[in-house]
Structure formats: structure tokens, C-alpha cells
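Working notes, structure below.
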Amino acid sequence: NLPPERAVEYFQAKGLRVTSSWRDLAASAHAKAFTVAGVLKAEALQDIRGALDQALADGKTYQEFVQELKPKLRARGWWGEKPADPETGEVQSGRGMTPHRLRTVYQTNLQSSYMAGRYKAMLEDADRRPYWQYVAVMDHRTRPAHRALNGRVFRYDDAAWGALYPPNGYNCRCRVRALSQADFDAEKVALSK
């Protein structure tokens with residue numbers, strides 16, 4: 001029940017960036033800036049970020065996250081399909097938040113933070129566990145490309161991880177498992193190229 005320190009550290013280090021579309025920020029910039037596409041008011045964006053920060057640090061479920069955030073967004077006029085000024089009812093520019101959209105924001109940010117923390121920890125231990133194995137969630141929602149990667153092993157310093165380290169796609173649920181030389185030998189896995 002301890003907070004994932006490296007994940008919290010990664011998320012808290014991100015700056016705040018207002019964007020109208022997820023395409024407005026390059027993939028590398030997403031690692032350094034927190035944004036929710038279409039939320040064009042810094043105050044609403046800060047509310048979402050604060051709730052995510054707390055959810056990550058306290059291990060809050062999606063339901064707890066929404067329960068605490070929804071009243072704040074409603075008070076600012078950002079709850080619902082179209083954001084509206086809470087006093088005048090005038091529709092504001094940008095996109096409002098719905099439960100479905102908020103779930104995507106929650107899952108994407110928490111998964112990215114957890115994986116960034118895990119990546120840092122794995123790098124720190126790479127001298128003892130230099131082989132990294134891709135692990136996909138093998139169910140009906142798994143993409144064919146991620147299914148094909150399941151079980152593949154690359155050394156930690158292989159350039160492939162620059163593109164493959166999870167999350168490597170929208171709503172990716174994959175992870176990476178670190179193996180020692182003894183694990184690698186005992187499991188008789190092959191090094192991928």
C-alpha cells in the first residue's frame with residue numbers, strides 16, 4: 001500500500017500545457033507536459049492534474065477519482081459534452097469532460113506514470129537484470145502487434161525499447177519483466193533481434 005514513488009515523481013515533474021488536440025504536442029513532449037486535449041482553461045486542467053496526482057499517490061480507483069473531481073469540474077463548467085460558463089450558461093470553447101473521456105485520461109496518465117517509474121527502476125538494476133521481456137495482456141482486447149511481442153526478450157540497451165517500451169499505444173496495458181542471466185538461462189528464452 002505504499003505510493004509508487006518513481007511514478008509519482010515522474011508525474012509531478014510534468015509541466016502544464018493547454019492544447020486543443022492531442023496532436024498539438026509531440027510524443028516526446030507528452031513525457032514532459034501534462035495536457036488534456038480540448039481543456040482550454042488552465043484552472044480546469046489543474047483540477048484534473050491535481051486529482052490524478054492524488055489518485056496516483058494514494059492508489060485511488062477510477063470511481064474515487066471521478067467522485068472527487070466531478071464536482072470541481074461541474075463548478076467550473078467543464079462537466080459534460082460542451083463546457084459552459086456556470087454563471088451565464090454560455091458555451092465555452094474546448095471540450096468538456098464525460099465519464100468515458102475521464103476514464104481515458106485516468107488510465108493513460110496512470111499507466112504512463114507507472115511505466116516511467118518502472119523503466120527508471122529497471123535501468124537502475126540493469127547490471128543484475130539485463131534481459132527485458134515484453135509481457136502483453138493476452139485477452140480479446142490485445143492488439144495483434146502487442147500479441148506478437150509477448151514473450152520477446154531484448155537486452156535493456158537494445159534500441160528496440162525506444163519504440164516498444166510500454167505504453168506503446170493508446171490504452172496499452174502491456175508491461176516489461178526484467179530477467180537476470182540465471183532467469184534467462186533457466187527459462188531457455190531466446191534473445192530477439
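Mind ranking T88, T108 by accessible surface for me, highest first, 1.4 Å probe? List each step's numbers first, then the result.
On the way: T88 100, T108 55 Å².
Descending accessible area places them as T88, T108.
Check A33: other-chain or 5+ apart residues with amide H under 5 Å from its amide H, H built from backbone geometry?
Amide H to amide H, under 5 Å and 5 or more residues apart or across chains, A33 pairs with G15.
Which cross-chain or sequence-distant (5 or more) residues have an amide H under 5 Å from the amide H of Q92, H modelled 1.01 Å from N in plane?
Close amide H contacts, sequence-distant or interchain: A84, D85.
Between rounded, prolate and oblate, where does region 29-89 land on the alpha carbon gyration tensor, with a ≥ b ≥ c its root eigenvalues, rounded for a/c under 1.5, else prolate if a/b exceeds b/c? Present the calculation step by step, with values, prior to reporting the outcome.
Values: a/c = 2.53, a/b = 1.32, b/c = 1.91.
Verdict is oblate for region 29-89.
Under 20 Å between alpha carbons, and skipping anything fewer than 8 positions from K32 in its own chain: which lysines qualify?
Within the straight-line cut-off, K32 pairs with K14, K41, K120.
I'd like to check one number: the per residue accessible area of the chain, probe 1.4 Å, reported in Å² as a whole number.
The answer is 58 Å² per residue.
Expressed as a whole percentage, what fraction of the accessible surface of the chain belongs to carbon and sulfur atoms when a 1.4 Å probe is rolled over the protein heavy atoms? Before the final figure, lay out the partial values.
On the way: 5670 of 11120 Å².
Here carbon and sulfur together make up 51 percent of the probe-accessible area.
Among A116, N171, F65, which residue has its Cα furthest toward the positive end of the charge dipole of the chain, with +1 on Lys/Arg Cβ and -1 on Asp/Glu Cβ?
Farthest towards the positive pole: N171.
What's the percent breakdown of Cα-Cα distances in the chain across 5 Å bins, shortest bin first?
P(r) for the chain, in whole percents per bin: 1, 7, 14, 17, 17, 15, 11, 8, 5, 3, 2, 1, 0, 0.
Quick one: among P166, P144, P71, which has the greatest mean-square fluctuation in a GNM of the chain with alpha-carbon springs under 10 angstrom?
P144
Using a Cα-Cα cut-off of under 17 Å, which aspartates and glutamates could be cross-linked to K72, ignoring same-chain neighbours fewer than 8 residues away?
Cross-link targets: E43, D47, D53, E64, E81, D85, E87.
So which DSSP H runs in the chain come out at 20 Å plus along the axis (Cα) with average Kyte-Doolittle of at least -0.5?
Numbers: long enough: 42-58 (23 Å, -0.06); 62-76 (21 Å, -1.15); 99-124 (38 Å, -0.79).
Membrane-span-like by this rule: 42-58.
Could you let me know the centre-to-centre spacing of region 135-193 and region 66-105, using Cα atoms, in angstrom?
Going from one Cα centre to the other spans 38 Å.
The values are calculated or read from the model by the stated rules, or taken from the named source; none is laboratory data. This one's a predicted model, so the numbers in the text were calculated from it and none came from an experiment. Glycine also receives a Cβ, built like all others from the backbone with ideal geometry; neighbour counts cover every protein chain displayed. The protein model used for the area step is the full one, side chains on, heavy atoms only, and it has no ligands, DNA or RNA in it. Shrake-Rupley method; radii C 1.70, N 1.55, O 1.52, S 1.80 Å.
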